[in-house]
1. Starting from a Cα-only point model with no solvent, please compute log10 I(q)/I(0) by Debye for region 153-286 at q = 0.20, 0.21 1/Å.
2. For the pair E418/E259, report the inter-label distance in nm, with labels modelled 7 Å from Cα in the Cβ direction.
3. Exposure proxy check: H346, H314 ranked by fewest other beta carbons within 10 Å?
4. Defining a contact as two alpha carbons under 8 Å apart and six or more residues distant in sequence, what relative contact order in percent does region 212-358 show?
5. In whole percent, what relative contact order does the chain give with Cα contacts below 8 Å and a gap of six or more residues?
6. Arranged by the count of other C-beta atoms within 10 angstrom, fewest first, what order do I220, I189, I380 take?
7. Let me have the relative contact order for region 1-136, percent, based on Cα pairs under 8 Å that are six or more residues apart.
8. Based on alpha-carbon atoms only, what is the radius of gyration of region 312-375 relative to the globular estimate 2.2 N^0.38 Å?
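Each reported figure results from applying straightforward, stated rules to the coordinates on display, with no laboratory input. Not measured: the values here are computed from a predicted model. Positions of Cβ are backbone-derived with ideal geometry, glycine not excepted, and every protein chain shown enters the neighbour counts.
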Amino acid sequence: MPLLKDYPQFQKIQDIAKRKRKAIFLVGGFVRDHLSGRPGLDFDFAVEKDALGLARSFARTIRGAFVLLDEEHGCARVVKKAAGRIQTFDFADFRAKTFLGDLAHRDFTVNTLAVDLRRLKPSDELEDVLLDARGGVKDLKARRLRMVGPHVFREDPLRILRAFSLRAVLDFRIEQKTLRQIKKDKELIQDVSRERVRDELFKILQTPTACRYLKMMDRIGLLKRVIPHITLMYGVKQGTYHHLDVWPHSLETVCQLEEIFKQEADEKILFCLDEEIAGQRSRRAIMKLAALLHDIGKPEARKKEPGRISFHGHERIGRTLAKGVAQSLKLSSKERFALKDMILWHLRPGYLSNFKKPSERAYYRYFRDTKDEAASIALISLADQRSTRGPLTTEADQRHHEKICREILRRYFARKKEKPFVRFVNGNDLIRIFHLSPSPLFGKILDQIEEKQVTGKVTTREEALALARTLIEKEH
């Protein structure tokens, strides 16, 4: 495949590099993925000198945005949106006197594959001009992640986590010597900025088999250094409804959630899962994090009672602890609220399933409380139930619970199709007709009227006003 034909931006970079008389190499992830048949939109360039100047010139040429990443080490990014897709071009000065020396400072051999952009012709195929100084092609064919050298994790400890994110995304294995070095250097991940850690963790959570890699990270003691809060769940026994302790149950819930995602065929649900919450992080990924943390409040809530163990209020404790995790991972406010709601309300579908046929009032209150995360919480609850297979758990109970969760999903998406809800009575009516002053009583009255209206107990404005009058009289 002719590179310049398919990627005309390379020609522009060539022209700038020749004008500035700078050596420049296309290196890393794009080359790796191109050879694997997975063309990407992120490009990395190693520049002999003055990468910042070259990046600025390129940004002006393509009318892209220039982003300074690291002035001290000469690193910058150019971002360009075209045809609805965002392309990123990263430029960095050599980290040694020569390009071969620069390759020694890269992370894994599959990311050392490069092309000398100055010598690239329009008719060239990438394979024809490939530079492979570190055996990257052999490792690529073997689907193997091998460190360039034992120093790479000390140079940038994020690479410890990146080994697992690359493994998850590419479905490669980590070479044993590299894995031993990761185990040796794993403590260093705690020195990395939390934003960078978050981004690599979410690359894992975005994959269909994140559970597998979370378990791997847990086995070598890396996951608890990425999310220290999870250690609260270690060694906490549960009651007879459960067959696993709190922590292995939490991991299993992530696995079961991924199985549900894999089996799901409803386009409405899939669209909801893939919705971007913030920073290219999807609801699907946030749900997996919520599944991992849904019982984090159990250790503090655990009490031994006659003949049983209880965890009353663990969802509220968990919501508070989840806030700490969200802050630690530098999640956006929207992600933080979604995570907290998923954990706070994860028991509610189970409460509904305690009834053979939940009332309209019960469904109304569920949707009132869970809001935008009503569907997410139903799916997490379903995964939670599938991860609970103790001696007191019956197949009949599980089938009924699944039926209720599916009914929640059906109602949630049916509600989204309905016209926006219009109250028969609003705050202005309470002021104008009943001469009330704004106060907490407003919300109390309006909520009760809305519940009656939604459940069909109040069907006209006159009935709503009569109810408002009754509630006001009762209050006073």
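1. For region 153-286 at q = 0.20, 0.21 Å⁻¹, log10 I(q)/I(0) is -1.26, -1.32.
2. 3.4 nm
3. Fewest-to-most Cβ neighbours within 10 Å comes out as H314, H346.
4. On the way: 157 pairs, mean separation 28.5, N = 147.
Normalised by residue count, the contact order of region 212-358 is 19 percent.
5. Reported relative contact order: 9 percent.
6. On the way: I220 15, I189 20, I380 27.
Lowest count first: I220, I189, I380.
7. Normalised by residue count, the contact order of region 1-136 is 29 percent.
8. That ratio works out to 1.25.
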